[in-house]
Amino acid sequence: MQKNKKFLAFDIGGTKIACSIISEQGELLGPVHKFDTPKTIEGINQLLKSLISQHENRIDAVAIATAGTVSQDRKQIISSVGNMAAGYHETNFQSLSNKPVILENDANAAAWAEYKLGAGKHYKNLLVIAIGTGVGLGIIIEGKLLKGKSGAAAEAHFPINHGHIRRCTCGAYDCYEIYASGTALSLDAKSAYGDDSKNSHDVIKGVKQHNHVAIEIFDNWQNNVLAGLYGLVNLFDPEAVVLFGSLVEFMDIEKLERETNKIVLTPPVKIYRAELGNNAAMIGASLIAAEELRKHPHYA
Ligand SMILES: [Zn+2]
């Protein structure tokens with residue numbers, strides 16, 4: 001019988017790096033360790049290298065969910081956004097380990113986990129919208145993750161507004177990401193309260209206290225999430241959409257589903273909250289790494 005594979009999984013984001021050991025079935029086999037993301041490439045490499053060297057002898061591969069777009073062969077980053085250290089996309093991840101190192105974009109990895117084990121497990125056509133500092137998308141069509149020609153597909157950078165109102169992290173104006181992310185909710189809070197010190201946390205605090213100003217800010221923001229949702233559902237005709245991220249807890253999922261289905265041209269779509277929580281990206285990266293090893297037994 002073949003031995004059950006184990007992965008050292010990472011979730012590398014702009015503020016935190018999380019790491020754990022995960023089985024090929026996606027079970028956590030140890031605690032999750034979290035670190036502040038170092039500000040330099042050298043710092044990131046050093047941290048990864050030291051964690052990998054501690055665990056290398058008891059794992060089969062390193063599975064990394066990362067900010068930035070990831071190549072078709074899952075070996076390198078094609079481009080990364082402004083919140084990672086400059087030059088991050090040039091990192092040679094394979095040089096950090098003697099075991100195979102397999103990468104996937106964090107939203108794609110979380111989407112794959114929700115598709116395999118979470119809220120999307122009954123569907124073959126699934127859209128996952130990860131709402132965090134930015135907005136990440138994962139698109140699964142007929143059981144396959146949409147990667148595009150290079151691997152960079154499913155970025156939430158398409159305009160949902162016009163008039164050069166908000167500059168997005170990608171450099172363009174008025175993208176979905178800059179209206180439907182946590183960052184967007186903070187911008188909404190600053191302008192609605194007329195106070196630059198306000199952010200998304202103040203809105204959530206107000207929502208919890210049933211404050212009507214906070215509820216209105218949150219509802220307007222939720223309508224922006226909805227604005228992109230229509231288009232995405234019309235484009236991809238998924239059976240279900242899974243919303244992922246800490247703000248989703250406060251969203252009115254039934255309303256989003258009802259409003260979406262009033263407008264879309266496709267047959268009705270189901271909308272769910274994600275089920276796997278904060279470790280979804282690491283779990284998804286491990287499931288993807290397990291598949292890569294099955295496809296390429298001599299992976300290197
Ligand atoms: Zn953008």
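The values are calculated or read from the model by the stated rules, or taken from the named source; none is laboratory data. Predicted model only: the values in this text are computed from it and were never measured. Counting neighbours? That spans all protein chains shown, and the Cβs are built from the backbone with ideal geometry, glycine included.
Test of understanding: among 68, 134, which residue is buried (at least 24 other Cβ atoms within 10 Å of the Cβ) and modelled with pLDDT under 95? Spell out the reasoning first.
Details: 68 fails: buried (at least 24 other Cβ atoms within 10 Å of the Cβ).
Matching residue, one of 68, 134: 134.
Residues that are modelled with pLDDT of 95 or more, crowded, with 24+ Cβ neighbours inside 10 Å and either more than 19 Å from the chain's Cα centre (by Cα) or of a type in the set (Val, Ile, Thr) (or both): does segment 110-127 have at least one?
No, segment 110-127 contains no residue that is modelled with pLDDT of 95 or more, crowded, with 24+ Cβ neighbours inside 10 Å and either more than 19 Å from the chain's Cα centre (by Cα) or of a type in the set (Val, Ile, Thr) (or both).
Of the residues that make up segment 172-194, is at least one over 30 Å from residue 212 (Cβ atoms), of a type outside the set (S, T, N, Q) and touching a residue at least 40 places away in the same chain (Cβ under 8 Å)?
The answer is no, given that none of the residues of segment 172-194 is over 30 Å from residue 212 (Cβ atoms), of a type outside the set (S, T, N, Q) and touching a residue at least 40 places away in the same chain (Cβ under 8 Å).
Where in segment 138-255 are the helices (runs of 4 or more DSSP H), entirely inside, with at least 1 residues that are within 16 Å of the ligand (Cβ to nearest atom) and under 23 Å from residue 121 (Cα atoms)?
In segment 138-255, the matching helices (runs of 4 or more DSSP H) lie at 212-236.
Conditions first: (1) in contact with a Leu (Cβ under 9 Å, 6 or more places away or on another chain); (2) modelled with pLDDT under 95; (3) of a type in the set (S, T, N, Q). Residue 234 passes all but one, so which condition is the exception?
Here residue 234 meets the rest and fails (2).
How many residues are β-branched (Val, Ile, Thr) and touching a Lys or Arg at 6+ places or on another chain (Cβ under 7 Å) if we restrict to segment 160-197?
Qualifying residue count for the region: 1.
Is one or more of the residues making up segment 215-228 touching a Leu at 6+ places or on another chain (Cβ under 9 Å), polar (S, T, N, Q) and closer than 24 Å to residue 62 by Cα?
There is no residue in segment 215-228 that is touching a Leu at 6+ places or on another chain (Cβ under 9 Å), polar (S, T, N, Q) and closer than 24 Å to residue 62 by Cα.
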